[in-house]
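Here is the structure we will look at, set down as structure tokens.
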Amino acid sequence: QVQLVESGGGLVQPGGSLKLSCVASGNIFSINAWGWYRQAPGKERELVAIITSGGGTNYDDSVKGRFTISRDAENTVYLQMNSLKPEDTAVYYCNAKRSVDMYNYWGQGTQVTVSS
């Protein structure tokens, strides 16, 4: 089992920045990819960014050049969000994929609101 706890969401003005954190506990050695997803009201949950255990990253086109996913040497995954836009408003979820069967673990989500 893996537990994920997000933090760092909040209200920010357009053009501002936020940094989300996701602290993982449990059997993190079973995980081969970490990601951030988001879900806006009335929309499907979508992938924002992903980082593999080897350090490879991938981003949705809508956030390329503005968001950066990273992971420390221990158990925390980050999402640095710059130049935020109102359309980035959503609940952001941390995700971990188990290597043996690609089972998805999810955090509880953290709200990001971009508004003036």
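The values are calculated or read from the model by the stated rules, or taken from the named source; none is laboratory data. Only a predicted model underlies this, so the values are computations on that prediction, with no experimental measurement involved. Counting neighbours? That spans all protein chains shown, and the Cβs are built from the backbone with ideal geometry, glycine included. What goes into the accessible areas is simple: the full protein's heavy atoms, side chains included, and nothing from ligands, DNA or RNA. Shrake-Rupley method; radii C 1.70, N 1.55, O 1.52, S 1.80 Å.
Observations on the model:
- Put a dot 7 Å past the Cα of Val5, heading toward its Cβ, do the same for Lys85, and the two dots end up 3.4 nm apart.
- Within segment 59-116, chymotrypsin sites (Phe, Trp or Tyr not before Pro) in DSSP loop having at most 14 other beta-carbon neighbours inside 10 Å: Tyr103
- Applying the criteria of a DSSP loop state and at most 10 other Cβ atoms within 10 Å to the GluC sites (Glu not before Pro) of segment 1-63 yields Glu44.
- With Rh defined as the Kirkwood radius, the inverse of the mean 1/r over Cα pairs, the Rg/Rh of segment 1-103 is 0.96.
- Relative contact order, whole percent, for segment 36-116 stands at 25, derived from Cα pairs under 8 Å and 6 or more residues apart.
- Other residues within the sphere of radius under 12 Å centred on the Cβ of Thr76, judged by their own Cβ, net out at -1 (K and R +1, D and E -1).
- Computed from point charges on the beta carbon alone (+1 for Lys and Arg, -1 for Asp and Glu), the dipole magnitude for segment 25-116 about its Cα centre is near 20 Debye.
- Here, segment 46-116 is characterised by an Rg to Rh ratio of 0.97, where Rg is the alpha-carbon radius of gyration and Rh the Kirkwood radius.
- With all protein chains kept in place, the per residue accessible area of the chain amounts to 52 square angstrom at a probe of 1.4 angstrom.
- Spatially proximal aspartates and glutamates relative to Lys19 (Cα-Cα < 20 Å; intrachain offsets below 8 disregarded): Glu6, Glu46, Asp60, Asp61, Asp72, Glu74, Glu87, Asp88
- Carbon plus sulfur fraction of accessible area for the chain, probe 1.4 Å, in percent: 48 percent
- Nitroxide proxy distance, nm - points 7 Å out along Cα→Cβ at Asn104 and Gln39: 0.9 nm
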